[in-house]
Amino acid sequence: MSANSPAAVIVLAAGGGTRMKSNSLPKVLHEVCGRSLVGHAVAAAQELTPEQLVVVVGHMREKVQEHLAAEYPAARAVVQAEQKGTGHAVRTALEALAADGARLDGTVIITTGDAPLLTGGTLAALARAHAEQGNGVTVLTAVVPDAFGYGRILRDEADGAVAAIVEEKDATDAQRAITEINSGVFAFDAKLLAQALGRVTTDNVQGEEYLTDTLEILRKSGHRVGAVVAADYRDILGINDRVQLAQARRLLNDRLLERAMRAGVTVVDPASTWFDVQVSYEPDAVVLPNTQLHGGTHLGEGCEVGPNSTLRDTRVGAGAHVSNTTADRAEVGDGASVGPYAYLRPGARLARRAKVGTYVEIKNSELGEGAKVPHLSYIGDATIGEGSNVGAASVTVNYDGVNKHRTVIGAHCRTGSDNMFIAPVTVGDGAYTAAGSVITNDVPAGALGVSRAQQRNIEGWVARKRPGTSSAEAAQAAAAGGPAEA
């Protein structure tokens with residue numbers, strides 16, 4: 001915690017968000033680029049290392065509290081049982097802190113839980129300007145092309161200071177024409193904030209306690225009300241419905257892709273590429289079109305991912321190639337190759353130069369260095385040693401209906417096509433298994449495992465059992481030494 005850290009950051013996240021039209025999810029838990037709306041607000045606040053971090057919750061509070069406890073345990077949830085306005089929400093937070101013995105001295109930042117594009121850098125700039133200018137309160141504002149729904153900034157004609165903020169519902173036609181808006185983000189002197197909140201009334205259309213009324217209260221008490229205009233108005237955009245949610249996702253994704261490209265990642269088609277905020281990368285990684293990278297996915301130096309790939313919490317090693325693949329909590333080693341049309345499920349771990357080919361599914365299994373499963377196979381709960389090759393259409397039969405069992409295939413093995421490995425079973429180093437075998441017993445190192453019935457041909461079966469068919473005619477023609485008639 002630095003000397004310039006604010007005394008507190010209070011995130012307002014109690015609103016119902018009725019325009020989201022959701023019966024099961026509060027607005028602030030809707031996600032943008034891998035993080036909830038309130039998560040973006042908390043993450044930005046944490047960059048300031050505040051002494052106290054409070055999130056005011058209300059609508060569907062249990063879900064929001066559960067989310068915060070799981071993802072952001074340093075943030076304290078305070079319940080606003082009845083949503084009586086933003087001023088009431090802040091007062092509720094301050095009263096909860098006071099009840100715990102917290103004495104706030106310094107700057108208090110008030111922010112909202114539905115503005116995912118707002119960064120810690122912007123909040124830090126607001127706090128810095130607030131301190132440098134000696135304001136009683138400083139407002140983060142923006143000049144926007146469409147101000148509908150936002151509180152308008154009313155400025156003093158004499159010195160340009162903020163005179164008041166008027167909400168859309170309470171604004172006159174002339175005030176609605178103003179394009180400078182309130183972001184809902186403020187920096188207050190802690191003691192002045194508490195005093196001003198005590199004087200806020202509910203004398204407005206909605207009968208609520210507006211936090212914005214404190215600006216006029218402080219101004220009339222002789223305290224300066226300053227404003228910091230956001231360099232990019234989109235930083236302060238709030239989310240009220242799913243159209244705005246999609247717009248914010250596009251804007252944030254563009255920022256994330258630009259950051260990646262400036263760090264040395266080639267993104268061939270940004271319009272069809274999606275990153276989550278936690279995605280990390282090294283220089284010279286290449287991302288091909290229609291690729292989605294979610295969670296803590298990491299791209300190693302010089303790897304290539306895509307096209308048409310979705311990776312979640314997956315590490316891709318340096319120089320690896322992952323094409324037309326879905327991967328979830330998997331590891332792809334340096335120089336490894338995956339796809340096309342592969343599925344790496346949780347626990348799939350591919351060592352250096354391993355190969356997983358077309359229509360292959362890997363689950364909770366390790367492939368050693370240079371090991372290959374080239375096509376049409378399922379490998380679950382298995383260990384495959386270095387340099388081994390698994391034939392096409394092979395399956396590790398790992399589930400007996402109650403328990404999962406493990407298959408071990410040693411180093412430098414060659415298993416035939418259409419093999420079933422009935423786990424638990426082990427194939428020793430250097431062993432072979434014959435095509436079409438069902439391997440139920442361990443195969444010793446260097447041995448050939450064979451398990452299949454002897455072939456028996458029944459002569460004349462087609463002529464007797466399928467007379468008049470094209471097959472019978474072809475067989476008859478072959479017996480006569482000529483081609484069958486078309």
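Figures for the structure shown
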quantity: Residue within region 65-83 that is at positive phi and touching a residue at least 12 places away in the same chain (Cβ under 8 Å) present; calculated: no
quantity: Among (1) under 27 Å from Glu95 (Cα atoms); (2) outside any strand (DSSP E or B); (3) of a type in the set (Ser, Thr, Tyr), the one test that Tyr150 misses; calculated: (1)
quantity: Filtered residues of region 289-312 (kept if in a loop (DSSP other than H, G, I, E, B) and either in contact with a Lys or Arg (Cβ under 6 Å, 6 or more places away or on another chain) or under 15 Å from Tyr343 (Cα atoms) (or both)); calculated: Gly295, Gly306, Pro307, Asn308, Ser309
quantity: Test result for Asp334, under 23 Å from Asp381 (Cα atoms) and assigned to a loop (DSSP other than H, G, I, E, B); calculated: yes
quantity: Positions within region 1-57 being farther than 24 Å from Gln292 by Cβ, in contact (Cβ under 8 Å) with a residue 60 or more places away in the chain and in contact with a Lys or Arg (Cβ under 6 Å, 6 or more places away or on another chain), in sequence order; calculated: Gly17
quantity: Any hit, region 74-94, residues being surrounded by fewer than 20 Cβ atoms within 10 Å (Cβ to Cβ) and in contact with an Asp or Glu (Cβ under 6 Å, 6 or more places away or on another chain); calculated: yes
quantity: Count of residues meeting criterion [within 14 Å of the chain's Cα centre (by Cα) and either in a loop (DSSP other than H, G, I, E, B) or over 21 Å from Arg315 (Cβ atoms) (or both)] in region 255-286; calculated: 4
quantity: Candidates Leu256, Leu197, filtered to the one that is at pLDDT 90 or above and touching a Phe, Trp or Tyr at 6+ places or on another chain (Cβ under 6 Å); calculated: Leu256
quantity: Within region 340-359, considering residues that are open to solvent by less than 10 Å² (accessible area, probe 1.4 Å) and in a loop (DSSP other than H, G, I, E, B), the one farthest from Glu386 (Cα to Cα); calculated: Ala348
quantity: Output for region 167-189, where each listed residue is outside any helix (DSSP H, G or I), over 24 Å from Val11 (Cβ atoms) and at pLDDT below 90; calculated: none
quantity: Boolean, Ala89 is without any contact (Cβ under 8 Å) to a residue 40 or more places away in the chain and either farther than 22 Å from Gln195 by Cβ or not acidic (Asp, Glu) (or both); calculated: no
quantity: From the options Gly264, Gly222, Gly238, residue that is among the small types (Gly, Ala, Ser), more than 18 Å from Ala44 (Cβ to Cβ) and in contact with a Gly (Cβ under 9 Å, 6 or more places away or on another chain); calculated: Gly222
quantity: In region 32-70, the residues that are open to solvent by 70 Å² or more (accessible area, probe 1.4 Å) and within 26 Å of Leu126 (Cα to Cα); calculated: Gln46, Glu47, Glu51
quantity: In region 171-213, residue surrounded by the most Cβ atoms within 10 Å (Cβ to Cβ) [restricted to those that are among the hydroxyl-bearing types (Ser, Thr, Tyr) and over 25 Å from Ala231 (Cα atoms)]; calculated: Tyr210
quantity: Count of region 288-317 residues which are crowded, with 21+ Cβ neighbours inside 10 Å and in contact with a helix residue (DSSP H, G or I) (Cβ under 8 Å, 6 or more places away or on another chain); calculated: 1
quantity: Those residues of region 213-252 which are in a helix (DSSP H, G or I) and closer than 18 Å to Thr122 by Cα, in sequence order; calculated: Tyr233, Arg234, Asp235, Ile236, Ala248, Leu251, Leu252
quantity: Near pairs, Cβ below 9 angstrom, 6+ apart or cross-chain, from region 452-473 (free of Cβ contacts under 8 Å to residues at least 24 places away in the same chain) to any residue that is open to solvent by less than 100 Å² (accessible area, probe 1.4 Å) and polar (S, T, N, Q); calculated: Arg452/Ser437; Val462/Thr469; Val462/Ser471
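So that you can scan it fast, the table gives a plain yes or no per residue for (1) in contact with a helix residue (DSSP H, G or I) (Cβ under 8 Å, 6 or more places away or on another chain); (2) more than 24 Å from Leu192 (Cβ to Cβ); (3) aromatic (Phe, Trp, Tyr):
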site: Thr18; (1), (2), (3): no, yes, no
site: Ser22; (1), (2), (3): no, yes, no
site: Leu25; (1), (2), (3): yes, yes, no
site: Val32; (1), (2), (3): yes, yes, no
site: Gly39; (1), (2), (3): yes, yes, no
site: Gln46; (1), (2), (3): yes, yes, no
site: Glu51; (1), (2), (3): no, no, no
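The values are calculated or read from the model by the stated rules, or taken from the named source; none is laboratory data. Just so you know, these numbers come straight off a predicted model, no measurement behind them. Because the Cβ atoms are built from the backbone with ideal geometry, glycine has one as well, and the counts that use them run over all protein chains shown. Remember, those area values only see protein heavy atoms, side chains included, never the ligands or the DNA or RNA. Shrake-Rupley method; radii C 1.70, N 1.55, O 1.52, S 1.80 Å.
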